[in-house]
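Beneath this line is the structure, given in structure tokens, with notes to follow.
The values are calculated or read from the model by the stated rules, or taken from the named source; none is laboratory data. Quick caveat: nothing in here was measured; it's all calculated off a predicted structure. Counting neighbours? That spans all protein chains shown, and the Cβs are built from the backbone with ideal geometry, glycine included. Areas reflect the complete protein model, heavy atoms only, side chains present, ligands, DNA and RNA absent. Shrake-Rupley method; radii C 1.70, N 1.55, O 1.52, S 1.80 Å.
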Amino acid sequence: MPDPIVVVGGDSMVGRHLASHLRMQGTEVLATTRRREQAAAERPWLDLAESPSLDRLPANPGAIVVAAAVARMAACRADPEGSAAVNVTGPLRLATEAAARGIPLLFLSTDKVFDGARPDRRSDEPCCPVSVYGRQKAATEAALRSLPGMAILRLSRVIAPEDALMATWAEQLRAGQPLAPFSDLRMAPLPVDLIARLCAGILGRLADDPDRAGGVWQLSGSRDLTYAEAAFRLAGQIGADPALVRPVPGVAGDEPPARFTTLDSGRAERSFGIGRPDPDPVLDAVFAGV
Ligand SMILES: NC(=O)c1ccc[n+]([C@@H]2O[C@H](COP(=O)([O-])OP(=O)(O)OC[C@H]3O[C@@H](n4cnc5c(N)ncnc54)[C@H](OP(=O)(O)O)[C@@H]3O)[C@@H](O)[C@H]2O)c1
């Protein structure tokens, strides 16, 4: 039996979908949790903020995916130190151990390593984050690049039917309540199943040829739309009164909202035939499930 793939952050949206995708492919998976009461043989306890170590795992990993994070920009802004422990220090501890043992690692990152001023960012452009979250991810990326066997996957907004924001919007609209989506915050949405497929593909390549599969991968939707535009689309899809959608500017302190979140995704397309999806069908598929 080959060594299992360890998904750090088995309770995250992406981690959950990735773990089940890998299991469906017949891959053995250990999906970690930081919830002590949920820890079990296949759910080893691992908290990125509490000196995480591969020694705590019940088996030697064949590969590691770091999907756990403080992934909300406002949460990083509110607690820069606490979130850095999870987004920077913890992943780098694991990566350093992994590199020393020759275990490949895939780190999930974000379009927020860029400033959002231009679309279609290339993976070789210098990072220029303007948020605490983006700076943390960029710092982790920079340190990972000096270690062997490391891959980074930058993603734009990932959505799934269980997405709390979309579910809340649908609930409010169905109840005839107004909602206030951001008029100046943009996303290029990606379906979570596609991300699970891409991660699985990258992990496969990392196992075969870590040197060639390492470095930066990117995937985004094909174009940006505002959260307000997405909310209007949802109202149309569920037959709600569009007057209930009342856009407001985003409040982000001194972090300017990104005008563009799209990423050049040529490497994923060439390697796996996974191209940038158009946002409309991506949103419609998720809205059909909320
Ligand atoms: N979702 C997106 O739109 C998006 C876009 C670009 C990049 N990404 C990146 O993709 C990855 C997955 O994102 P996601 O949206 O799936 O995440 P998510 O649903 O927000 O989940 C984050 C997970 O991290 C866990 N976590 C938080 N602090 C932790 C700690 N100290 N130790 C261990 N686990 C901890 C949380 O555990 P609990 O469940 O127990 O709280 C939660 O399950 C993240 O790296 C994120 O930055 C996401």
Gyration tensor (Cα only) of the chain to equivalent ellipsoid, semi-axes in Å sorted down, yields 32, 20, 19
Plugging the Cβ-Cβ distance of E42 and R101 into 1/(1 + (r/R0)^6) at R0 = 25 Å yields, to the nearest 0.05, a FRET efficiency of 0.70
Given unit charges at Cβ for Lys, Arg (+) and Asp, Glu (-), the dipole magnitude of the chain about its Cα centre in debye, nearest 20, is 140 debye
Output for the range 108-184: GluC sites (Glu not before Pro) sitting in coil per DSSP, at most 14 other Cβ within 10 Å, listed by number, reads E162
The range 161-290, Kirkwood Rh and Cα Rg, ratio Rg/Rh at 1.06
Per residue convex hull volume, Cα only, the range 19-71, in Å³ is 96 Å³
Here FRET efficiency (C-beta to C-beta, A243 to E269, R₀ 45 Å, nearest 0.05) is 0.65
Hull volume per residue for the range 1-121, using the convex hull of the C-alpha atoms, in Å³ is 129 Å³
Accessible-area order for L165, L179, largest to smallest, probe 1.4 angstrom, reads L165, L179
Per the Kirkwood formula over distinct C-alpha pairs, the hydrodynamic radius of the range 95-183 in angstrom is 15.7 Å
Expected field for S20, accessible surface area in Å² at 1.4 Å probe radius, rounded to 10, holds 60 Å²
Of the accessible area of the range 117-206, computed with a 1.4 Å probe and all protein chains kept, carbon and sulfur make up a percent value of 56 percent
The helix 132-144 Cα axis meets the longest alpha-carbon principal axis of the chain at an angle in degrees, between 0 and 90 and rounded to 10, of 30 degrees
With +1 at each Lys and Arg Cβ and -1 at each Asp and Glu Cβ, the charge dipole magnitude of the range 209-290 around its Cα centre, to the nearest 20 debye, comes out at 80 debye
Counting only residues 5 or more apart in sequence or on a different chain, those whose built amide H sits under 5 Å from that of L263 are D120, R121, S220
Mean shadow area (nm²) of the C-alpha convex hull around the range 135-216 is 7.2 nm²
Helix 164-174 sits off the longest principal axis of the Cα atoms of the chain, rounded to the nearest 10 on a 0 to 90 degree scale, by 20 degrees
D (µm²/s, integer) via Stokes-Einstein for the range 84-130, Kirkwood Rh across alpha-carbon pairs, 10 °C, 1.306 mPa s: value 126 µm²/s
For the range 1-88, percent of DSSP beta bridges that are antiparallel (nearest 5) comes out at 10 percent
Everything considered on the Cα gyration tensor (a ≥ b ≥ c; rounded for a/c under 1.5, else prolate if a/b is larger than b/c, else oblate), the range 32-191 must be described as oblate
With the dipole of the range 197-262 defined by +1 on each Lys or Arg Cβ and -1 on each Asp or Glu Cβ, the option from V216, Q237, Y227 whose Cα lies farthest towards the positive pole is Q237
Among GluC sites (Glu not before Pro) in the range 36-125, those in a DSSP loop whose Cβ has at most 13 other Cβ atoms within 10 Å are E50
